[in-house]
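Report on the following structure.
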């Protein structure tokens, strides 16, 4: 009887030891798995930036798209690659941030990446990428082939992002020398008489910015009411948003993206840069926003 009682007393001790042994074994196994999955190809980590161009062969003839849809800027960010070929990343395009997961195969100039967006949005798809010298090039294909834009092409170069308050917009249009808002046209019907004939047509008028957008730096100079009182509404919008562009803000609105996507130094990385703004920038943003409420624009005709 005493022997049985003694065995019963030893049983919990034995089970506890066994449990601790199993837990220890699990921890060791987890550590082993972490050791096995080392990071690799860290030279590919970072921002890869370029145009995300529509493959026009995939468009139907009758389809009409905004000009800003054809060549939006994309930032494809590679965050981690393991020696097993697993890849983690993100892409930023048209103000949307989408996670990427996939795999890497090959070595040297034969490296290929296959990266997938989550698939919970109708606009998600798959990236098929090849490394060619210093360029990532390839295609993106939509999972849902019923969407308007089914396929895009890209050639991306590695670009380091760094905030620089000295960065300014440059003259992007050699023909006009000014920035034109091509997304918000005003249409007006016009009539012409030629002999006994009458011609009616629609004219499109666009607002344009003044040269002030190339010289007023709201990240460096304290703006005053005197600086802003004679500026157009579009001038104020561009000067204010240039602050956010310097911080890598990912613009969603086509009316804003059209001015920054073509700019070489602009790298979209985040949807919230408020914590990065200086006090000077915050004060200038408040003043610019106040003036925008009451400012007006002139509209003119531009050939395209």
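A few remarks follow.
- Selection of the stretch 51-83 for residues being part of a loop (DSSP other than H, G, I, E, B), over 23 Å from residue 104 (Cα atoms) and at pLDDT 85 or above yields 55, 71, 72.
- Residue ID - farthest from residue 261 (Cα to Cα), chosen from residues in the stretch 88-129 that are assigned to a loop (DSSP other than H, G, I, E, B) and in contact (Cβ under 8 Å) with a residue 40 or more places away in the chain: 111
- Condition check for residue 263: under 20 Å from residue 68 (Cβ atoms) and either surrounded by 16 or more Cβ atoms within 10 Å (Cβ to Cβ) or without any contact (Cβ under 8 Å) to a residue 24 or more places away in the chain (or both): yes
- Test: residue in the stretch 236-253 that is surrounded by fewer than 21 Cβ atoms within 10 Å (Cβ to Cβ), more than 20 Å from the chain's Cα centre (by Cα) and in contact (Cβ under 8 Å) with a residue 24 or more places away in the chain: no
- Wholly within the stretch 130-221, strands (runs of 3 or more DSSP E) carrying at least 3 residues that are touching a strand residue (DSSP E or B) at 6+ places or on another chain (Cβ under 8 Å) and closer than 30 Å to residue 276 by Cα: 151-158
Yes/no matrix, rows are residues, columns are (1) surrounded by 15 or more Cβ atoms within 10 Å (Cβ to Cβ); (2) without any contact (Cβ under 8 Å) to a residue 24 or more places away in the chain; (3) in the same structural domain as residue 69 (by TED's automatic domain parsing):
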position	(1), (2), (3)
132	no, yes, yes
152	yes, no, yes
164	no, no, no
177	no, yes, no
191	no, yes, no
201	no, yes, no
208	yes, no, no
212	yes, no, no
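- When the criteria are applied in full, residue 280 fails the requirement of being touching a residue at least 12 places away in the same chain (Cβ under 8 Å), crowded, with 21+ Cβ neighbours inside 10 Å and in a helix (DSSP H, G or I).
- The lone exception for residue 60 - which of (1) surrounded by fewer than 14 Cβ atoms within 10 Å (Cβ to Cβ); (2) under 19 Å from the mean Cα position of the chain (by Cα); (3) more than 18 Å from residue 139 (Cβ to Cβ) it fails: (2)
- Inspection of the stretch 114-128 identifies at least one residue that is surrounded by 15 or more Cβ atoms within 10 Å (Cβ to Cβ) and under 22 Å from residue 38 (Cβ atoms).
The values are calculated or read from the model by the stated rules, or taken from the named source; none is laboratory data. None of the values given here were measured: they were computed from a predicted structure. Neighbour counts run over all protein chains shown; Cβ positions are idealised from the backbone, glycine included.
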